[in-house]
1. Does segment 54-67 contain any residue that is hydroxyl-bearing (Ser, Thr, Tyr), over 14 Å from the mean Cα position of the chain (by Cα) and under 30 Å from Lys2 (Cα atoms)?
2. Do any residues in segment 70-83 that are under 11 Å from Ala102 (Cα atoms) and hydroxyl-bearing (Ser, Thr, Tyr) have Cβ atoms under 7 Å from those of residues that are open to solvent by less than 50 Å² (accessible area, probe 1.4 Å) and in a helix (DSSP H, G or I), where the two are at least six apart or on different chains, and which pairs are they?
Amino acid sequence: MKTNKIVFYTATGILTVIMLFSVFNYVTKYEMIAGFFEHFNYPTYLVYPLAMAKILGLVAVWGNFSNWLKEWAYAGFFFDTLLAFFAHYLTDGNGYSFALAALTATLVSYFFEKKVRNSSFS
């Protein structure tokens, strides 16, 4: 059980750092990020709402509000990181390692969160 907690908190910490770095770039370097969105054929009006969604998702994952909300936050992170991975991979063929790390951290955090939650109720 202790190993599960260590893996969960490590993966969730990595996910948090990646998402906060992303939000920081979305807010402070809007023109650069908008250029990336245009390059990937994504609408640029999604930059600020996506930054806010990432912050709210982190609050839902770290907070103990409801399991339903946490599931939706993980789903949002999964789709965000999956789309980021394929956008980078298919358009550039490089630069996708950061998105792959975020996708991996999302999946590990999600599955180990379930193990930690289920073992704490036993």
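1. Yes - at least one qualifying residue is present in segment 54-67.
2. Thr81/Ala99; Thr81/Ala102; Thr81/Leu103; Thr81/Thr106
The values are calculated or read from the model by the stated rules, or taken from the named source; none is laboratory data. Predicted model, so just to flag it, every value in this text is computed and none were measured. Neighbour counts are summed over all protein chains in view; Cβ atoms, including those assigned to glycine, are modelled from backbone coordinates with ideal geometry. Only protein heavy atoms, including side chains, enter the accessible area calculation; ligands, DNA and RNA are left aside. Shrake-Rupley method; radii C 1.70, N 1.55, O 1.52, S 1.80 Å.
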